[in-house]
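Before any comments, here is the structure.
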Amino acid sequence: MIIVAGHLVVDPKERGDYLAGCVSVVEQARSASGCLDFTIAADLLDPGRINIFERWESQAAVESFRGSGPDEEQSAAMLSATVAEYDVSATRSLT
């Protein structure tokens, strides 16, 4: 399993528009083969932070979904980004 997690920082005044522009990406990801979860969400405390969380069955599934990344408008809106991929070898349910 692959987990992609991290956050983006955008101008707080632009965060709503940025997130609205991500709706179709989330819809596409969630319907993609191998996608277990995909979330792009506003942070509850930091008005400029957008949290990223993705869970995929395999690296091949991630690579199959990934296009060229954010479009030019989204890239221009990002003040910074800290996102990484994690290879997961085991999981434990907490419920």
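No value in this document is a laboratory result; all are computed from the given coordinates. Just so you know, these numbers come straight off a predicted model, no measurement behind them.
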_Prolate/oblate/rounded call for region 17-73, Cα gyration tensor, a/c under 1.5 rounded_ = prolate
*Calculated [θ] (222 nm, deg cm²/dmol) that DSSP helices of n ≥ 4 give over the chain, each run adding -39,500 (n - 2.57)*: -7500 deg cm²/dmol
